[in-house]
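One structure is given below, encoded as structure tokens.
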Amino acid sequence: FKAPCRDHPALYRDLLRTGRVHWIAEEPPAELVREKMMECHFRFRHQMALVPCVLTLNQDGSVWVTLVKPARAITPGQFAVFYKGDECLGSGKILRIGPSVYTLQQGKNREESPKKEEIDKIEPAT
């Protein structure tokens with residue numbers, strides 16, 4: 001799929017999964033172990049702005065990363081780097097990415113259409 005423009009919704013995603021994360025100070029951070037999730041920031045390109053996210057720890061040491069707002073052009077093979085304030089917590093290779101904003105919008109549109117048709121069947125227009 002080639003997006004028609006740089007800001008097309010198909011380029012934006014808000015969910016990804018990494019491989020096993022390499023943690024720097026704590027392996028993994030105590031808060032993440034205790035709560036099974038942790039708010040922090042992440043980036044996947046050098047010098048990009050940090051994006052707020054929530055990490056969910058998986059048993060194999062990988063994490064699901066849920067972004068507060070979708071980010072553009074996340075690609076498997078890149079590295080997700082996690083930060084808490086100025087401290088770099090660690091990084092993991094991006095293995096999987098969730099559905100694009102475009103796909104999610106298409107799904108919502110598909111879900112809404114049948115409901116209207118069903119309503120029309122129940123209450124015929126007069």
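Residue count for region 3-55 under the criterion of being in a loop (DSSP other than H, G, I, E, B) and either open to solvent by less than 60 Å² (accessible area, probe 1.4 Å) or farther than 19 Å from residue 96 by Cα (or both): the result is 21.
Being at pLDDT 95 or above and of a type in the set (A, V, I, L, M) is a description that applies to residue 81.
Within region 81-112, being within 24 Å of residue 19 (Cβ to Cβ), open to solvent by 40 Å² or more (accessible area, probe 1.4 Å) and aliphatic (A, V, I, L, M) holds for 95, 97. The set of residues in region 11-43 that are farther than 17 Å from residue 68 by Cα and hydrophobic (A, V, I, L, M, F, W, C) comprises 21, 23, 24, 25, 30, 32, 33. Kindly provide the set of residues from region 59-104 that are touching a residue at least 12 places away in the same chain (Cβ under 8 Å), out of contact with any Lys or Arg (no Cβ under 6 Å at 6 or more places or on another chain) and in a loop (DSSP other than H, G, I, E, B), ordered by number. Matches in region 59-104: 60, 73, 75, 77, 99. The C-beta contact set for region 19-36 (first residue more than 10 Å from residue 90 (Cα to Cα) and in contact (Cβ under 8 Å) with a residue 12 or more places away in the chain, second residue surrounded by 14 or more Cβ atoms within 10 Å (Cβ to Cβ) and among the basic types (Lys, Arg), distance under 6 angstrom, 6+ apart or interchain) comprises 19/93. When residue 74 is tested against the conditions (1) open to solvent by less than 40 Å² (accessible area, probe 1.4 Å); (2) at pLDDT 95 or above, the lone failure is (2).
The values are calculated or read from the model by the stated rules, or taken from the named source; none is laboratory data. Owing to the predicted nature of the structure, the values given are computational and were not obtained by experimental measurement. Positions of Cβ are backbone-derived with ideal geometry, glycine not excepted, and every protein chain shown enters the neighbour counts. These accessible areas exclude ligands, DNA and RNA; they are computed on the full protein's heavy atoms, side chains included. Shrake-Rupley method; radii C 1.70, N 1.55, O 1.52, S 1.80 Å.
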